[in-house]
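The values are calculated or read from the model by the stated rules, or taken from the named source; none is laboratory data. In this text the structure is predicted, and so the values were computed from the model without any measurement. Note that each Cβ is placed from the backbone with ideal geometry, even for glycine, and that neighbours are counted across all protein chains shown.
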Amino acid sequence: MSQSSEQSFGELNKKWLITGITGQDGSILANYLLELGYKYIYGVIRRCSTFNTKNIDSIFDKLTLFHGDLTDSYSIRKIIFDCKPDYIVNFAAQSHVKVSHCLEQYTFNTNTLGILYILQTVKDLGLSTKIYQASTSEMYGNMTDGKLLLNENTVMKPVSIYGISKLAAQQICDMYRDAYGMFIVSSILFNHESSKRGYTFVTQKIIKYIANYVNKKTTKPLELGNLNAKRDWGSAYDYVKSIYLMLQQEKPTNYVIATGKTHSVKEFIEIAFNLVGITIVWSGEKEDEIGTCKETNKILIKVNPKYYRDIDIDCLIGDSCKAQKELNWSNSTSFNELIQEMLAEALKN
Ligand code: NAP
Ligand code: G4F
């Protein structure tokens, strides 16, 4: 066996522990690691009264799953003690921004204290585990109107409980890295989507509606909140690859992962409907704004203020130059391609 094949054989025997493996990113990362040839992939799943494994059903037999919860420090300690992983990827989170204002304490317990339990355990056990923390563009708050691209050095002023909980988590990670020399990477992920995205996030909510409308499963309009918010939307498949690369570097540091382009919720709607031959015409203002089908005059989009946020971010757009340079990572899916992929998948079901 050559030295490099021995090295890659050694690497592929390393153990990965993924929290949040049933979510969008966790399930995509688990699939990607299997494709790369890794054998030991462990995941943390929560006890649920209904099935929550839809995203990992196709690879269920190739994974080792542990019941655990980031709010239960003992369960996290025990899982890490039993697995002694080479990598921990912490995707588990109460990841819904609007819900974070209803579940403030729970959001902190999961998103902030959860990673703290992981770090404490790895440190106490003296493991040399490489740790990844999923940070978010929500940490910036309203720092740009679209002209300034947000990067690793931009000042952050989060406006949601979710954003604040994640900023505190990132600061804890930075402190552990500086104080104890641990390999800890946080990446500031801008919005990223796929067909595995939860249905309460705006992109998948729109896509699911269009698929149902086309398949004649609904005739009612789609109700949404802030149609003018702008987000930097990328593909979860591209973003998960960047996370793998960050963990293969010699030195840990934080990275922004973004496409560098921003689009409004309205633009997403227009493009997605266009793909099924419908042109949306907007009229009215604020709560009275509606989107009508040009071809039939039927109202397809309505605003329902119940989906408004107590405070929202108007615009997000990121600068991933550092990741492009140091990781040789690049975004490979355009906004239109992302919408096409999500819609094609939804129309199959
Ligand atoms: P997601 O689909 O909402 O998945 C969240 C995962 O966390 C699910 O597996 C969920 O389990 C699990 N989880 C929630 N609370 C938990 C708890 N208390 N203990 C253990 N597990 C728990 O999120 P995602 O889109 O994959 O995002 C992955 C990570 O990246 C999250 O940390 C998110 O905050 C962050 N992030 C995402 C984006 C994005 O655009 N997707 C952008 C920036 C940052 P159940 O399946 O049982 O609910
Ligand atoms: O799809 P969203 O819920 O994503 P949001 O709030 O940007 O959060 C996502 O991205 C973050 C990265 O910046 C992640 F950290 C976080 O975990 C999550 O993955 O909402 C996007 C925009 C918002 O401005 C919202 O007000 O869409 C607007 N919107 C309009 N109508 C709606 C709706 N959002 C949702 N969820 N549902 C609506 O009916």
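Table for the structure above
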quantity: Of residues in region 123-149 being of a type in the set (A, V, I, L, M) and buried (at least 24 other Cβ atoms within 10 Å of the Cβ), the one farthest from ILE88 (Cα to Cα); calculated: MET139
quantity: Close pairs from region 308-322: first assigned to a helix (DSSP H, G or I), partner within 15 Å of ligand 1 (Cβ to nearest atom), Cβ under 8 Å, at least 6 apart; calculated: LYS322/GLU152; LYS322/TYR255; LYS322/VAL256
quantity: Helices (runs of 4 or more DSSP H) completely within region 69-169 that count 2 or more residues being under 18 Å from the mean Cα position of the chain (by Cα); calculated: 97-100, 104-108, 114-125
quantity: Positions within region 330-342 being among the aliphatic types (A, V, I, L, M) and either more than 14 Å from LYS196 (Cβ to Cβ) or surrounded by fewer than 18 Cβ atoms within 10 Å (Cβ to Cβ) (or both), in sequence order; calculated: ILE339
quantity: Any chance ILE59 is within 30 Å of GLU104 (Cβ to Cβ) and of a type in the set (A, V, I, L, M, F, W, C); calculated: no
quantity: Residue that is farthest from ALA344 (Cα to Cα) [pool: residues in region 294-309 that are in contact with a Ser or Thr (Cβ under 8 Å, 6 or more places away or on another chain) and surrounded by fewer than 18 Cβ atoms within 10 Å (Cβ to Cβ)]; calculated: ARG309
quantity: Test for SER165: is it at pLDDT 95 or above, under 26 Å from ASP319 (Cβ atoms) and within 14 Å of ligand 1 (Cβ to nearest atom); calculated: yes
quantity: Single residue of region 58-73 satisfying the filter (more than 13 Å from ligand 1 (Cβ to nearest atom) and of a type in the set (Ser, Thr, Tyr)) that is surrounded by the most Cβ atoms within 10 Å (Cβ to Cβ); calculated: THR64
quantity: Subset of region 205-224 (residues that are within 8 Å of ligand 2 (Cβ to nearest atom) and either part of a helix (DSSP H, G or I) or not acidic (Asp, Glu) (or both)); calculated: LYS205, LEU224
quantity: Selection within region 175-211 - among the basic types (Lys, Arg), more than 10 Å from ligand 1 (Cβ to nearest atom) and under 16 Å from VAL265 (Cβ atoms); calculated: LYS205, LYS208
quantity: Enumeration of residues in region 24-57 that are surrounded by fewer than 14 Cβ atoms within 10 Å (Cβ to Cβ), at pLDDT 95 or above and part of a loop (DSSP other than H, G, I, E, B); calculated: GLY37, LYS39
quantity: Qualifying position, being closer than 30 Å to TYR307 by Cβ, of a type in the set (D, E, K, R), surrounded by fewer than 22 Cβ atoms within 10 Å (Cβ to Cβ) and away from ligand 1 (no atom under 13 Å from the Cβ), among GLU11, GLU104; calculated: GLU104
quantity: ASN90, sole failed condition from (1) away from ligand 1 (no atom under 13 Å from the Cβ); (2) closer than 25 Å to VAL240 by Cα; calculated: (1)
quantity: The lone exception for ILE88 - which of (1) within 12 Å of ligand 2 (Cβ to nearest atom); (2) closer than 30 Å to CYS321 by Cβ it fails; calculated: (1)
quantity: Test: residue in region 195-206 that is over 26 Å from ASP310 (Cα atoms) and crowded, with 16+ Cβ neighbours inside 10 Å; calculated: yes
quantity: Among the candidates GLU326, GLU250, residue that is farther than 23 Å from LEU227 by Cβ, among the acidic types (Asp, Glu) and free of Cβ contacts under 8 Å to residues at least 24 places away in the same chain; calculated: GLU250
